Amino acid sequence: MKHENRIFLPVILVFVILNSAMLIFKTFLENKGFDRDFLMIANLLLFILSVTGFYLQRKGIQSNNTNAFIRGVYSAMLLKLFVCMIAVLVYVFINKSGVNKPALFASMGIYILYTAFEVAALMRFAREKKNV
């Protein structure tokens, strides 16, 4: 595995741990009112967005052009914003009366978790690039 990809390993572990927890604690989550299927789909979507955002921003960090880095950050941010917005709108449209608010708010927490790990990975990547 390339060194640059190993930096992103914690985000992969978050995905695996969250999915495993959702499978193991299926009954508990359902008893507390969470839609586990929604959470698993949200986790997958947020993981894919984190991976995509990481690679967009990593390309910007590798570039000598500061504008390329800014474009990478804005591209990743806008991609996440619009994909999440569309996903929530589609979910609300499909489940007009049965929107699962606990799962929706939990997915917002998962978004924050992925963002924190993604930023940490990017900072580690930028620091190592600077030292080379």
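Over the chain, with the other protein chains present, what is the accessible area per residue in square angstrom, probe 1.4 angstrom?
64
Using a 1.4 Å probe on the protein chains only, how many percent of the accessible area of the chain belongs to carbon and sulfur?
Carbon and sulfur atoms account for 70 percent of the accessible area of the chain.
Can you give the calculated 222 nm mean residue ellipticity of the chain, where each DSSP H run of n ≥ 4 adds -39,500 (n - 2.57) and the sum is split over every residue, rounded to the nearest 500 deg cm²/dmol?
-29000 deg cm²/dmol
Just to confirm the number: angle between the C-alpha axis of helix 66-94 and the first principal axis of the chain, 0 to 90 degrees, nearest 10?
The answer is roughly 10 degrees.
Between MET85 and VAL99, what is the label-point separation in nm under the 7 Å Cα-to-beta-carbon projection?
In this crude spin-label approximation the distance works out to 1.6 nm.
Sort the chain into rounded, prolate or oblate with this rule: let a ≥ b ≥ c be the square roots of the eigenvalues of the Cα gyration tensor; rounded if a/c is under 1.5, and if a/c is not under 1.5, prolate when a/b is larger than b/c, oblate otherwise.
oblate
Counting Lys +1, Arg +1, Asp -1, Glu -1, what net charge surrounds GLU118 among other residues with beta carbon under 13 Å of its beta carbon?
+3
Place the peptides 18-26, 6-14 in order of packing, highest mean first, counting for every residue the other Cβ atoms within 10 Å and averaging per peptide.
The densest-packed peptide leads the list: 6-14, 18-26.
First select every other residue whose beta carbon is under 13 angstrom from the beta carbon of MET108; then total the charges, Lys and Arg +1, Asp and Glu -1.
Residues near MET108 contribute +2 overall.
The values are calculated or read from the model by the stated rules, or taken from the named source; none is laboratory data. Just so we're clear, the structure is a prediction, and the values are computed from it rather than from any experiment. With ideal geometry, Cβ positions are generated from the backbone for all residues, glycine too; neighbour counts draw on all protein chains shown. Protein only, heavy atoms only, side chains kept; ligands, DNA and RNA dropped before computing areas. Shrake-Rupley method; radii C 1.70, N 1.55, O 1.52, S 1.80 Å.
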